[in-house]
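Everything below concerns the one structure shown next.
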């Protein structure tokens, strides 16, 4: 599994997996129609969603500081979006969106500080599809 030493793997059934920092604690959430979860650590939150519908990136274009760039994830084309958070408590948000056949994986990393959100690069790079 890719990811810095000490990170642990999150398995999304038999679809995909990725690594998170060791302090990321699962939160109690109820998925509706997808594989969905939330983890929180010191100064950050990770929300993942794997299913038919991903987050609408066009709807985020009006967010302050919005930037979208291409990224390759496990050999697949993906979008990496950054914007400023609403400040309550998130100052920076990073979002990965990648298609997997008819499904989509979206991972949102929200952070209290821009420096903390650097972990999103390692997290996004750790994504592997089956």
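Overall shape: oblate for region 23-121, with the ratio a/c of the largest to smallest alpha carbon gyration tensor axis at 1.5 or above and b/c at least equal to a/b. Panel order for 48, 66, by other beta carbons found within 10 Å of each beta carbon, from fewest to most: 66, 48.
Straightening the chain between residue 99 and residue 62 buys 11.0 nm, computed as 0.36 nm per residue apart minus the Cα-Cα spacing. Between residue 72 and residue 118, the C-beta separation translates, for a Förster distance of 25 Å, into a calculated FRET efficiency of about 0.85.
Let me make sure I get this right: for region 1-59, a, b and c are the square roots of the gyration tensor eigenvalues over alpha carbons, sorted descending. Under 1.5 in a/c it's rounded, otherwise prolate if a/b > b/c, else oblate. Which is it? Here region 1-59 falls in the prolate category.
Taking 20 Å as the cut-off, the amide N atoms of region 93-129 that come nearer than this to a point 7 Å along the Cα-to-beta-carbon line of residue 42 belong to 109-123. Stretched out straight at 0.36 nm per residue, the stretch from residue 52 to residue 35 would grow longer than its current Cα-Cα span by 5.1 nm.
The numbers here are math on the coordinates, done by the rules we state, and not lab data. Everything quoted here is computed from the prediction, not taken from an experiment. Here Cβ is always computed from backbone atoms with ideal geometry, including for glycine, and neighbour counts include all displayed protein chains.
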